[in-house]
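**Q** Got a structure for you, written out below as structure tokens; questions coming shortly.
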């Protein structure tokens, strides 16, 4: 059980960090005034992929369902961004 948790954590964070860096790189190339939002979106997608990959050894259904849950949770990003813009 301990080894499973360590493997899950490794897969999860390696892909998450890669997604965040990818999102930030894409944002830097597309926009002159980078806000870091690309890293947030990239991290969210990276987390969905990493959770899916880490969950696959348990079952394919669990891995895919976890990824779907992560993607649904990303709906909060535009909500937070809208709120932030209204506060400024």
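Since every read-out is calculated from the coordinates, none of them should be taken as a lab result. Predicted, not measured: the structure shown is a model, and the values here were computed from it. Note that each Cβ is placed from the backbone with ideal geometry, even for glycine, and that neighbours are counted across all protein chains shown.
**Q** Can you order the peptides 64-77, 11-24, 44-57 by their average number of other Cβ atoms within 10 Å per residue, highest first?
**A** Going from most to least packed, we get 44-57, 11-24, 64-77.
**Q** Let me ask you something else. If the chain between residue 82 and residue 26 were fully stretched, how many nm would it gain, using 0.36 nm times the residue separation less the Cα-Cα distance? Before the final figure, lay out each step's value.
**A** Numbers: separation 56, 0.36 × 56 = 20.16 nm, distance 2.15 nm.
So the extension gain works out to 18.0 nm.
**Q** How far is helix 2-30 tilted, in degrees, relative to the longest principal axis of the Cα atoms in the chain, given as a value from 0 to 90 rounded to the nearest 10?
**A** Roughly 20 degrees, rounded to the nearest 10.
**Q** Moving on to the next point. Which label marks the calculated value of log10 I(q)/I(0) by the Debye sum over Cα atoms at q = 0.10, 0.16, 0.25, 0.26 Å⁻¹, given the options (1) -0.31, -0.69, -1.14, -1.18; (2) -0.34, -0.74, -1.20, -1.26; (3) -0.49, -0.75, -1.15, -1.18?
**A** Here the calculated entry is (1).
**Q** Something else now. Per 0.36 nm of contour for each residue apart, how much would the distance between residue 33 and residue 17 grow if the chain were fully extended, relative to their Cα-Cα spacing?
**A** Taking 0.36 nm per residue and subtracting the Cα distance, the gain is 3.6 nm.
**Q** Okay, next question. Measure nothing fancy, just the Cα-based angle from helix 37-55's long axis to the longest principal axis of the chain, in degrees from 0 to 90, nearest 10.
**A** 10
**Q** In what order do 62, 31 fall by count of nearby beta-carbon atoms within 10 Å, going from fewest to most?
**A** By the 10 Å Cβ count, ascending: 31, 62.
**Q** How much FRET efficiency would the formula 1/(1 + (r/R0)^6) give for residue 10 and residue 72, where r is the Cβ-Cβ distance and R0 is 22 Å, rounded to 0.05?
**A** About 0.35, to the nearest 0.05.
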